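The values are calculated or read from the model by the stated rules, or taken from the named source; none is laboratory data. Every value quoted in this text rests on a predicted model; they were computed, and no experiment measured them. Using ideal geometry, Cβ is built from the backbone for each residue, glycine included, and neighbour counts are taken over all protein chains shown.
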Amino acid sequence: MTFSRFINAQSTLTTQARRAFSTALYGNAAANKSCINPEFLYLQPRWHVQKDRVVEGTGKILVGMIQKRWSSASAQPIKPGTIERLRNIGISAHIDSGKTTLTERVLFYTGRISQIHEVRGKDNVGAKMDSMELEREKGITIQSAATYATWKDYNFNIIDTPGHVDFTIEVERALRVLDGAVLVLCAVSGVQSQTITVDRQMKRYNVPRICFINKMDRAGANPWKVVDALRTKLKMHAAALQIPMGAEDNFKGVIDLLKWKAITFEGNDGINVVESEIPEELLGLAKAKRAELFEHLAEVDEEMSDMFIMEESPTSEQLALAIRRATITRKFIPVMMGSAIKNKGVQSLLDGVCAYIPSPSEVTNVALDIKNQEAQVQLSSNELDPFVGLAFKLEEGRFGQLTYMRVYQGTLHRGGFITNIRNDKRIKVPRLVRMHADELEDVDEIGPGEICAMFGVECSSGDTFTDGSLQYTMTSMFVPKPVISLSLKPQGKETPNFSKALNRFQKEDPTFTVHVDAETKETIISGMGELHLEIYVERMRREYNVECITGKPQVAFREAITESAKFNYTHKKQTGGAGQYGRVQGYIEPALVDEDGKDAFFENRVVGGNIPTNYIPACEKGFREGMQKGFLIGHPIQGVRMVLEDGAAHSVDSSELAFKTATINAFKEAYMKAGPAIMEPIMKVDLTAPIEFQGTVIGGINKRKGTIIDTESGEDYFSCVAEVPLNAMFGYASEIRGQSQGKGEFSMEYMRHQRVQPQEQAELIKAFEKKQKEDQK
């Protein structure tokens with residue numbers, strides 16, 4: 001067949017005929033589910049083939065010899081039986097590692113967008129996934145954004161997540177429903193504080209991952225330092241699947257250690273993937289790194305281990321299969337590299353996602369059967385089984401509430417009926433859409449393993465839906481507690497939009513809470529950091545036209561006890577008619593947080609009916625009410641176990657109210673004898689600054705009562721990890737800029753609550769008492 005006839009035949013055929021034609025040429029690669037990185041692709045009209053790249057006499061066209069981009073499919077559901085070629089991935093990293101820039105290239109190469117736009121770009125367009133105006137202004141991702149694309153013969157659901165620790169809930173709920181992730185690392189900074197946090201979240205939800213070392217074009221780029229950090233800081237087996245060809249300004253491409261080819265990305269926007277022989281000067285390094293890859297796989301994979309012991313050399317196919325097995329079982333992290341901003345390495349990363357990240361059918365998903373005492377039930381990935389889905393994110397859209405849904409089992413149909421397991425409410429699905437950042441694409445049905453969104457369905461984040469035949473519920477996601485609060489009031493007269501905005505934000509974001517202070521009657525908003533609250537205040541102004549005045553940020557102090565104390569309290573009140581009587585006896589003691597995050601425990605050890613069983617719940621209610629507001633500075637109490645051992649009741653005067661009041665007063669009496677202490681939030685601070693300012697910056701941390709945990713010096717910059725009380729971190733952003741001529745940066749992450757110094761505790765109690773006296777006036 002001549003070249004021109006070959007191309008003409010391909011471009012005029014229907015999709016089905018083209019696939020049949022390709023199968024005849026290349027073999028049935030599409031049907032081979034275990035096929036990894038298929039060597040030959042189906043041609044589509046958007047592809048252009050260079051004549052000199054065709055292998056003469058075979059009609060075969062190699063991957064590296066194809067120009068242009070893949071054409072993404074429409075938003076129609078994946079056909080039955082192709083779930084093996086579906087990938088649900090999240091793109092996560094430390095702030096400013098290039099997640100959104102990478103996602104923009106992924107969308108371009110998969111044909112989802114026609115042009116590349118940069119984060120906070122000069123053309124005033126901005127990256128596709130940063131659809132919020134605030135995101136484009138600040139150049140950061142605030143909300144996770146979902147999209148759908150096609151690469152070669154694979155379908156992708158992609159979620160781009162924020163890197164800033166203040167928006168960690170967005171990462172949390174994305175990873176809860178994903179089957180794999182791409183962990184993006186900076187080639188200069190390597191493993192940073194939020195990288196460790198994201199890794200911890202991935203481990204919490206058993207998410208396999210691929211690492212992509214980005215910014216290989218930056219000065220000081222060192223991928224081997226990053227790989228070592230993955231092994232030492234994340235405690236994971238990791239090895240590179242590629243080595244770079246050049247670095248910094250001379251970064252040209254990568255050498256694939258499995259294909260044993262040099263890969264460069266040429267043409268406009270790097271759309272030409274060209275494979276060639278490995279340069280002679282890099283052969284030695286390539287052999288050494290391939291041997292290193294084999295060694296690390298031998299430690300986590302039995303087949304590789306046997307070959308290593310027998311001193312056999314694995315083939316590329318054997319290595320690829322071993323990488324896939326070890327990645328899916330989360331024993332190994334394959335590392336790839338490139339530069340998203342320079343359009344290098346992204347196509348190879350997409351091939352890696354197809355090859356090593358599991359499909360939904362290869363992941364074990366478990367639900368709890370409510371009818372069978374919440375016994376664990378494994379869900380199937382069969383579209384014919386009863387429907388089970390999880391609502392993992394809510395958003396206020398143009399047409400009402402938008403509910404993001406992950407389908408685990410069965411099929412979700414537009415116009416069909418589903419049941420909310422939380423309230424047993426049966427609802428109709430009026431509209432079903434696939435998300436592309438802020439754009440909506442209507443679909444008629446969504447199959448197992450897919451991610452979609454529904455309109456007009458009232459529910460809460462974390463609700464499980466079924467078709468009504470099953471009483472299954474999915475396990476909830478971890479929600480961190482707020483660490484910072486500030487008072488908020490509208491400028492001028494309060495409008496309905498003020499409460500409407502706060503209610504919406506609370507519903508969308510579980511880490512954003514609102515309450516009214518009982519004494520001052522002020523509205524208090526709480527969140528994960530100053531930036532978190534600042535963003536919501538700004539959104540109220542822009543989206544609801546509500547100008548707000550904020551008070552001074554308040555630290556989320558906690559109170560706790562340090563020793564055990566007994567109580568024996570009698571509540572007696574006599575009025576006209578029936579009075580109030582209740583006596584409680586027992587002790588309180590310090591308690592640790594359990595696996596579910598609970599730190600308040602009530603234990604009933606009353607025997608003989610001295611306290612009637614119908615009054616025990618009132619006693620527990622009194623204990624939990626007493627925990628809500630401490631007796632030193634009015635902050636919540638944490639880490640207490642109350643054991644109720646004995647008591648007494650009166651046949652006429654005893655009531656639930658009497659025992660509740662008795663328990664509250666007994667708790668207060670015992671609390672003041674149990675060594676009460678004030679606990680303050682301790683933050684893990686990760687900062688980077690030029691090496692010449694190291695002494696000044698570390699001195700500033702010491703002045704703020706910080707403890708230096710680790711420092712690392714590079715050629716030009718140094719990084720430091722410290723533990724600092726949150727109360728001492730206000731205003732630090734301005735300070736580090738001044739100390740480092742604007743070149744320093746830092747990020748904070750909540751670690752734990754820790755007891756304050758006795759002198760500071762006395763000052764806090766004095767300030768609280770003074771404020772109370774002023775409020776009483």
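Regarding ILE682, is this residue surrounded by 14 or more Cβ atoms within 10 Å (Cβ to Cβ), within 28 Å of PRO162 (Cβ to Cβ) and aliphatic (A, V, I, L, M)?
Considered against the rule, which asks whether it is surrounded by 14 or more Cβ atoms within 10 Å (Cβ to Cβ), within 28 Å of PRO162 (Cβ to Cβ) and aliphatic (A, V, I, L, M), ILE682 comes out as yes.
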Can you name the number of the only condition in (1) of a type in the set (D, E, K, R); (2) at positive phi; (3) touching a residue at least 24 places away in the same chain (Cβ under 8 Å) that ASP424 fails?
(3)
Candidate set from the range 498-519 (those that are in contact with a strand residue (DSSP E or B) (Cβ under 9 Å, 6 or more places away or on another chain) and in a loop (DSSP other than H, G, I, E, B)); member that is farthest from ASP166 (Cα to Cα):
ASP517
Exactly one of (1) surrounded by fewer than 23 Cβ atoms within 10 Å (Cβ to Cβ); (2) touching an Asp or Glu at 6+ places or on another chain (Cβ under 7 Å) is unmet by GLY246. Its number?
(2)
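Please work out if GLU299 is surrounded by fewer than 19 Cβ atoms within 10 Å (Cβ to Cβ) and under 31 Å from the mean Cα position of the chain (by Cα).
Numbers: surrounded by fewer than 19 Cβ atoms within 10 Å (Cβ to Cβ): yes; under 31 Å from the mean Cα position of the chain (by Cα): yes.
Yes, satisfied.
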Qualifying positions in the range 701-716 - surrounded by fewer than 19 Cβ atoms within 10 Å (Cβ to Cβ), closer than 14 Å to THR688 by Cβ and without any contact (Cβ under 8 Å) to a residue 60 or more places away in the chain:
ASP710, THR711, GLU712, SER713
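Regarding PRO334, is this residue in contact (Cβ under 8 Å) with a residue 12 or more places away in the chain and surrounded by 14 or more Cβ atoms within 10 Å (Cβ to Cβ)? Please lay out each step first, then the result.
Numbers: in contact (Cβ under 8 Å) with a residue 12 or more places away in the chain: yes; surrounded by 14 or more Cβ atoms within 10 Å (Cβ to Cβ): yes.
Yes; evaluated as a whole, the condition is true for this residue.
Are any residues in the range 329-370 part of a strand (DSSP E or B) and among the acidic types (Asp, Glu), and if so, which ones?
Step one: of the range 329-370, the residues part of a strand (DSSP E or B) are 332-337, 339, 344, 366-369.
If the condition is that a residue be part of a strand (DSSP E or B) and among the acidic types (Asp, Glu), then ASP369 is the only one that fits.
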Restricted to the range 375-394 and to residues being among the charged types (D, E, K, R) and surrounded by 18 or more Cβ atoms within 10 Å (Cβ to Cβ), the residue nearest to the chain's Cα centre (by Cα) is LYS393
From the option list GLY267, GLY253, GLY284, single residue qualifying as surrounded by 14 or more Cβ atoms within 10 Å (Cβ to Cβ) and small (Gly, Ala, Ser) is GLY253
Restricting to the range 552-602, and then to whatever is touching a Leu at 6+ places or on another chain (Cβ under 9 Å) and β-branched (Val, Ile, Thr), can you tell me which residue is modelled with the highest pLDDT?
VAL584
Condition first: in contact with a Cys (Cβ under 8 Å, 6 or more places away or on another chain) and of a type in the set (Gly, Ala, Ser). Can you find one or more residues in the range 370-381 that meet it?
no
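Please enumerate the residues belonging to the range 589-648 that are in a loop (DSSP other than H, G, I, E, B) and basic (Lys, Arg). Outline the logic, then answer.
Step one: of the range 589-648, the residues in a loop (DSSP other than H, G, I, E, B) are 591-599, 605-612, 629-636, 638-639.
Result: LYS598, ARG605, LYS629.
List the helices (runs of 4 or more DSSP H) that sit entirely inside the range 133-218 and contain at least 1 residues that are at pLDDT below 90 and under 24 Å from VAL433 (Cβ atoms).
Values: elements: 133-138, 168-177, 193-204.
By residue number, 133-138, 168-177.
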Restricting to the range 578-618, name every residue that is within 15 Å of ASP646 (Cβ to Cβ), among the small types (Gly, Ala, Ser) and surrounded by 19 or more Cβ atoms within 10 Å (Cβ to Cβ).
GLY582, GLY586
Out of GLY410, GLY449, GLY462, I need the residue that is on the phi > 0 side of the Ramachandran plot, crowded, with 20+ Cβ neighbours inside 10 Å and either touching a helix residue (DSSP H, G or I) at 6+ places or on another chain (Cβ under 6 Å) or among the hydroxyl-bearing types (Ser, Thr, Tyr) (or both). Which one?
GLY449
Give all pairs with beta carbons closer than 9 Å in which a residue from the range 372-386 that is farther than 12 Å from VAL407 by Cβ meets a residue that is loosely packed, with under 10 Cβ neighbours inside 10 Å; count only pairs at least 6 apart in sequence or on separate chains.
GLN378/THR364
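State yes or no: is ALA578 among the aliphatic types (A, V, I, L, M) and under 37 Å from the mean Cα position of the chain (by Cα)?
Values: among the aliphatic types (A, V, I, L, M): yes; under 37 Å from the mean Cα position of the chain (by Cα): no.
When the stated conditions are applied, ALA578 does not pass them.
For the range 228-252, give me the residue count where each residue is closer than 30 Å to ILE169 by Cβ and either in contact with a strand residue (DSSP E or B) (Cβ under 6 Å, 6 or more places away or on another chain) or in contact (Cβ under 8 Å) with a residue 40 or more places away in the chain (or both).
Step one: filter the range 228-252 for residues closer than 30 Å to ILE169 by Cβ, giving 229-238.
Remaining after also requiring either in contact with a strand residue (DSSP E or B) (Cβ under 6 Å, 6 or more places away or on another chain) or in contact (Cβ under 8 Å) with a residue 40 or more places away in the chain (or both): 229-231, 233-234, 236-238.
The number of residues fulfilling the criteria is 8.
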Search result, residues across the range 414-425 that are surrounded by fewer than 16 Cβ atoms within 10 Å (Cβ to Cβ) and under 27 Å from THR364 (Cα atoms):
GLY416, PHE417, ARG422, ASN423, ASP424
Conditions first: (1) part of a helix (DSSP H, G or I); (2) of a type in the set (Val, Ile, Thr); (3) without any contact (Cβ under 8 Å) to a residue 40 or more places away in the chain. ILE255 passes all but one, so which condition is the exception?
(1)
Considering the range 228-253 alone, what residues qualify as being of a type in the set (A, V, I, L, M, F, W, C) and either modelled with pLDDT of 95 or more or within 21 Å of LEU297 (Cα to Cα) (or both)?
ALA229, LEU230, LEU234, MET236, ALA238, ALA239, ALA240, LEU241, ILE243
Taking the range 332-384 and keeping residues touching a Lys or Arg at 6+ places or on another chain (Cβ under 7 Å) and among the β-branched types (Val, Ile, Thr) leaves ILE333, VAL346, VAL353, ILE357
The lone exception for ARG290 - which of (1) touching a residue at least 24 places away in the same chain (Cβ under 8 Å); (2) of a type outside the set (Val, Ile, Thr); (3) out of contact with any Leu (no Cβ under 8 Å at 6 or more places or on another chain) it fails:
(3)
Pairing a residue in the range 340-353 that is over 16 Å from ALA181 (Cα atoms) with any residue that is part of a helix (DSSP H, G or I) and of a type in the set (D, E, K, R), where Cβ atoms lie under 7 Å and the two sit 6 or more apart in sequence or on different chains, gives ALA340/ARG105; ASN343/ARG105; ASN343/ASP269
Mind checking whether some residue in the range 716-724 is assigned to a helix (DSSP H, G or I) and among the aromatic types (Phe, Trp, Tyr)?
no
